[in-house]
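> So that we are looking at the same thing, I have put the structure below in structure tokens.
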Amino acid sequence: MCKECGCGSTGHAHQQVFNVPGMMCSNCENTVKTAVLGLPGVMSAEVDLKSKDVTISYDSNKVNADAIKEAIDATGFEVASVSAATHTHEHGGLMGTLKRLFK
């Protein structure tokens, strides 16, 4: 369980941002997303075409950042950089809501 917000993250879930400057359109986006979502352990991939960033959530017990980078590079797009993503969630979870209320 995530200690910050109580979301249920086990500690094996990581989120990193891969900067892919060659992405220009939705076809580029789909190519990159298809490549990374096909890897075991990748849970989600969100593309921001304006910033050229792909935010990927993955299980570090099943895949690592190097394997994700290789999958993107194999599509013909080059990963310019990899950085840590800000800890975010789709939801705050019950524990997160309670912690925010009683801060």
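> Calculate one ³J(HN,Hα) per residue across the range 57-74 by plugging θ = phi - 60° into the Karplus curve 6.51 cos²θ - 1.76 cosθ + 1.60, and present them in order as whole Hz with x for glycine and proline.
So the Karplus estimates, Gly and Pro as x, are 9, 8, 8, 5, 7, 10, 8, 10, 4, 5, 5, 5, 4, 4, 5, 5, 4, 5 Hz.
> Please grab the % of Cα pairs in the range 13-86 that end up more than 17 Å from each other.
30
The numbers here are math on the coordinates, done by the rules we state, and not lab data. Given the structure is predicted, the values throughout are model-derived calculations rather than measurements.
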